[in-house]
Amino acid sequence: MISALTSATPWPSPVHVSGTVQCDQNSNGVIDISARPADPGVAVRAPSLDLISGQFTAVTDSSGGYDIVLPTQSDHYLVAPVNLPGA
């Protein structure tokens with residue numbers, strides 16, 4: 001039985017990108033004070049732009065929020081919603 005694990009080097013911390021998808025109800029391209037969060041279930045993807053490390057996806061929650069866990073390597077990602085419902 002192992003009761004504890006130790007390491008000479010620290011474990012890398014996960015890298016997260018998170019945010020909120022908002023609904024632009026009046027289609028003016030501005031998030032107005034009255035804007036509401038997007039419906040739950042909107043997919044947000046973050047494909048790798050530098051390294052072929054993959055594509056990472058999250059789905060919005062009831063408040064329009066998302067959180068994508070990324071690898072700890074250095075890279076660039078393009079974060080964008082992919083299945084926005086019509087207005």
Next item on the list: Find out how many positive minus negative residues lie around V17, taking Lys and Arg as positive, Asp and Glu as negative, among other residues whose Cβ is under 12 Å from that of V17.
Entry: -1
Check: What is the spread of the Cα atoms of the range 15-81 along each of their three principal axes, largest first, in whole Å?
Finding: 38, 22, 15
Checklist line | Summed residue charge, Cβ within 11 Å of G64's Cβ, Lys/Arg positive, Asp/Glu negative | finding: -1
Check: Among residues other than A38 whose Cβ falls under 14 Å from its Cβ, what is the net charge (Lys/Arg +1, Asp/Glu -1)?
Finding: -2
Notebook entry, point to check: Check G19: other-chain or 5+ apart residues with amide H under 5 Å from its amide H, H built from backbone geometry?
Noted result: Y66
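Read the figures in this text as sums done on the coordinates, not as results from a lab. Worth saying up front: this structure is predicted, and the values here are computed from it rather than measured. No Cβ is skipped: glycine too gets one built from the backbone with ideal geometry, and neighbour counts run over all protein chains shown.
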